[in-house]
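Here is the structure we will look at, set down as structure tokens.
Every number in this text was worked out from the coordinates using simple rules, so none of it is lab data. Just so it is clear, the structure is predicted and the values come from calculations on it, not from any experiment. Here the Cβ is made from the backbone with ideal geometry for all residues, glycine too, and neighbour counts use every protein chain on show.
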């Protein structure tokens, strides 16, 4: 059961060849981000009933197997307990994510809180300040935890229907968000939550198995997706490069433009809010106050329902037709599929669905599906550069830019994000709270 020798390890690698296989890595520290963590042990279960746990960094091990870790990371076509974590450890993108499969199979987010054994809770309470505490928890307790994971995951894996939608999601989302998380954000001494600071960096933690697929982003109580702009929180975020800068690219009227693309409505060049304001106020030259009112009216109509008086505006007449069509499909079929990933949203998931809520969910999923593909393009482009994406928040992307690369990559990255008539506004600054529009 517990691997003690190289001979046993070699036999294990022979077992897993060409077999359906579940792999569960256990990290040494349950509180540290994976970027700052190590592998405590690795659990493996195959469809032939072979079950092993391999100590990697644990006080009970007879010998160490750290030199063999890469062989595990190089495994193909395995079912991995958490692919986003596995990729940050160095694993391959050809693995299949159990958490995503659970989400697709049961239409609910994967809850792993009940897998910890009483011994884990005891050690975690008793040694709250001890780093890598999982390395001293009896390895048989880790085994018991992994067996419980396998009890719930394995029947699902055996009967898994790996739809094209699942395979697309599995190949794209863990890779994109693992890459962004690994970059981290540079912080100054002004950062308030020092518990999550490692070598002047903090690391994000994206959770994308949500109702709409729109990711949340929080780690140990710090919400990266909802940082306050007024309380000084953003003052602590700075560039990691000497004389470097943070560059934020915000999609302009993102949802409006996505909807226009969805319904085949051609928006004119220039400001969307000026365009709609001409309909609202029956004039071409808007005041600043009218421009702001135009934004508020547009968002109210899109998210709260379109009033009859605004159906005379061609755009909203077409949006209203689309909402009715989507709602009719929901009532007739009991489900809809998202626009790009073709992921199912069903009545079983959302028994209290309303017409406007359905449209909002559909729109949020579309936003995420478009954004993730753009992020993937940008990440691939930045592979050869020091500059990197450090934060994604719905309709904006934050970059940490090496000054030696700025002139070349900023226009290129902007062009990638803007493809498909989705313009962005750029802001730059060496402190996140002091960004100036370019």
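Summary of computed values
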{"read-out": "Principal-axis tilt of helix 406-418 within the chain, Cα atoms, nearest 10 degrees", "value": "70"}
{"read-out": "Values of log10 I(q)/I(0), in the order q = 0.09, 0.13, 0.16, 0.22 Å⁻¹, for the stretch 82-213 under a Debye, Cα-only, solvent-free model", "value": "-0.35, -0.73, -1.05, -1.32"}
{"read-out": "Residue exposure sequence - 84, 331 - by fewest surrounding Cβ within 10 Å", "value": "331, 84"}
{"read-out": "Residues 373, 332, sorted so that the one with the fewest Cβ neighbours within 10 Å comes first", "value": "332, 373"}
{"read-out": "Efficiency of FRET from Cβ geometry, residue 218 and residue 309, R₀ 35 Å, rounded to 0.05", "value": "0.30"}
{"read-out": "Stretchable slack from residue 67 to residue 324, in nm (0.36 nm times residue separation minus alpha-carbon distance)", "value": "86.6 nm"}
{"read-out": "The chain: angle of helix 314-333 to the longest principal axis, Cα-based, in degrees nearest 10", "value": "40"}
{"read-out": "Proxy reagent accessibility, fewest Cβ within 10 Å first, across 374, 434", "value": "434, 374"}
{"read-out": "Degrees between helix 254-263 axis and first principal axis of the chain (Cα, 0 to 90, nearest 10)", "value": "80"}
{"read-out": "GNM top mover of 27, 89, 302 - the chain, alpha-carbon springs below 10 Å", "value": "302"}
{"read-out": "Label-to-label distance, nm, for residues given as residue 271 and residue 438 (7 Å Cα→Cβ offset)", "value": "2.2"}
{"read-out": "Alpha-carbon centroids, the stretch 167-229 and the stretch 1-71: separation in whole Å", "value": "27"}
{"read-out": "Per-selection Kirkwood Rh - the chain (Cα, Å, 1 d.p.)", "value": "24.2"}
{"read-out": "Prolate/oblate/rounded call for the stretch 391-438, Cα gyration tensor, a/c under 1.5 rounded", "value": "oblate"}
{"read-out": "Residue-averaged 222 nm ellipticity for the chain, from DSSP H runs of 4+ at -39500 (n - 2.57), nearest 500", "value": "-13000 deg cm²/dmol"}
{"read-out": "Beta bridge orientation in the stretch 6-161: antiparallel %, DSSP, nearest 5", "value": "75"}
{"read-out": "Gyration tensor (alpha-carbon) shape descriptor, the stretch 6-161, a/c threshold 1.5", "value": "oblate"}
{"read-out": "At R0 = 45 Å, FRET efficiency that the Cβ-Cβ distance of residue 225 and residue 14 yields, to 0.05", "value": "0.50"}
{"read-out": "Residue 47/residue 404 FRET efficiency (R0 51 Å; Cβ-Cβ; nearest 0.05)", "value": "0.50"}
{"read-out": "DSSP beta bridge pairing in the chain, given as percent antiparallel to the nearest 5", "value": "90"}
